[in-house]
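The next block holds one structure in the form of structure tokens; read it before the comments.
The values are calculated or read from the model by the stated rules, or taken from the named source; none is laboratory data. The structure displayed is predicted, hence computed values, not measured ones. Cβ atoms come from the backbone with ideal geometry, glycine included; neighbour counts cover every protein chain shown.
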Ligand code: 13P
């Protein structure tokens, strides 16, 4: 059985005290939702200490939204994977489309970030996804394949076993326009096939999340699909009832 995950990517939202309060609200009602689903919150760097403190004693894990490609040194403004791990982070989002689009991240610059994550026991939530023009040109399968090959194929089998993949079609992020469940399933199955060809049956255990305007209302349809193992949630992760409502979207046993 693959681990089911609902992860919140808070992006650059909330002030530190608001983030701590949001974490507290999520923790307060965590027991009212499916305990088999792993919950992860990824606040901004400035909130990590407070959020980690607020979530102590709960099963909710904390991730960062980025990490440096270097281990330490004269890299003004960067935050290392070692720093994040020392605080108590367990995950790090890498390759989010906003970082690829606005901060010039590429497969090349992501490879050393992945290495830093592994060296510090952080599990990467590695994001892939096509933009609207690529989707309209029918190139989505090819684009995602390339993004996976250029980074994930360079990992050792042991590293690969720690990775969570997030498929986030750029045209669905923050647009209110979600991929249909069939579109998501098509790509998720495609990703799993590519991973299986490279790494073998262990790819059946890889958690593949969907991200892009996922909400309590559309989560059940998405999560009912065979290869959709949960969600990476933006906007709806900023309200505890919505975030937890998404967890309720998994099929009941
Ligand atoms: P939205 O849920 O706001 O569309 O964002 C998705 C996302 O980018 C999560 O990383």
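Scanning the range 1-23 for residues that are touching a residue at least 60 places away in the same chain (Cβ under 8 Å), away from the ligand (no atom under 12 Å from the Cβ) and over 20 Å from residue 53 (Cβ atoms) gives 2, 3, 4, 5.
Only one entry in 128, 163 is within 22 Å of residue 10 (Cα to Cα) and either out of contact with any helix residue (DSSP H, G or I) (no Cβ under 6 Å at 6 or more places or on another chain) or surrounded by fewer than 20 Cβ atoms within 10 Å (Cβ to Cβ) (or both), namely 163. A single member of 101, 116 is touching a residue at least 12 places away in the same chain (Cβ under 8 Å), surrounded by fewer than 15 Cβ atoms within 10 Å (Cβ to Cβ) and part of a helix (DSSP H, G or I), and it is 101.
Scanning the range 214-253 for residues that are under 24 Å from residue 124 (Cα atoms) and at pLDDT below 95 turns up nothing.
Touching a strand residue (DSSP E or B) at 6+ places or on another chain (Cβ under 7 Å) and more than 13 Å from the ligand (Cβ to nearest atom): does that describe residue 62? Answer is yes for this residue.
Elements of the type strands (runs of 3 or more DSSP E) sitting completely within the range 1-82 and holding at least 3 residues that are under 16 Å from residue 236 (Cα atoms): these cover 4-9, 37-42.
Taking the listed residues 239, 253, 215, the one that is more than 24 Å from residue 139 (Cα to Cα) and either in contact with a strand residue (DSSP E or B) (Cβ under 6 Å, 6 or more places away or on another chain) or away from the ligand (no atom under 15 Å from the Cβ) (or both) is 253, with no other qualifying.
Criterion first (closer than 29 Å to residue 55 by Cβ and within 16 Å of the ligand (Cβ to nearest atom)) does residue 88 satisfy it?
Working: closer than 29 Å to residue 55 by Cβ: yes; within 16 Å of the ligand (Cβ to nearest atom): no.
Spelling it out, it is not the case that residue 88 is closer than 29 Å to residue 55 by Cβ and within 16 Å of the ligand (Cβ to nearest atom).
Only one of these is more than 12 Å from the ligand (Cβ to nearest atom), touching a strand residue (DSSP E or B) at 6+ places or on another chain (Cβ under 8 Å) and on the phi < 0 side of the Ramachandran plot: 194, 165. Name it. Among 194, 165, only 165 is more than 12 Å from the ligand (Cβ to nearest atom), touching a strand residue (DSSP E or B) at 6+ places or on another chain (Cβ under 8 Å) and on the phi < 0 side of the Ramachandran plot.
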